[in-house]
Amino acid sequence: MVKDLKKEFITVTFGSVTIKTEREDPEVIRKNIIEGQKAFARAIEAFKTKGVKLNVSKGTALYQANPNNPALLIRNIDGKIDQGVFENRQFQVIQ
């Protein structure tokens, strides 16, 4: 069977971005769906684990929003907790 050499294009819009792309063969789409489902089945246990484990070096600052005051950040350096704000690209502790 000889395929028509004329390619069919489709336009896809995501928010404010629009792209024009070649329409994919339905058989290729079907195979990609099957492969994606197989990959997800292999990874499902990792998705069930809550949280994120960070391997943080000593002296590395971790920041998070203050749940009681969203205008402040919480900084944790090696277990020392401070709250504050960034001013002129520097963290300023607020008591």
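Observations
- Compactness index (Cα Rg / 2.2 N^0.38 Å), the chain: 1.99
- Degrees, to the nearest 10: 26-48 long Cα axis against longest axis of the chain: 30 degrees
- Förster-model FRET efficiency, 25 Å R0, ILE34 and LEU54, C-beta, rounded to 0.05: 0.15
- Residues considered: GLY15, GLY36, GLY79. Largest GNM mean-square fluctuation over the chain, using C-alpha springs under 10 Å, is found at GLY15.
- For region 18-95, the relative contact order works out to 14 percent when only alpha carbon pairs closer than 8 Å and six or more residues apart are counted.
Every number here is computed from the coordinates shown, using simple stated rules; none is lab data. Computed from a predicted model, the values in this text were never measured in an experiment. When we count neighbours, we look across all protein chains shown, and the Cβ atoms used for this are built from the backbone with ideal geometry, even at glycine.
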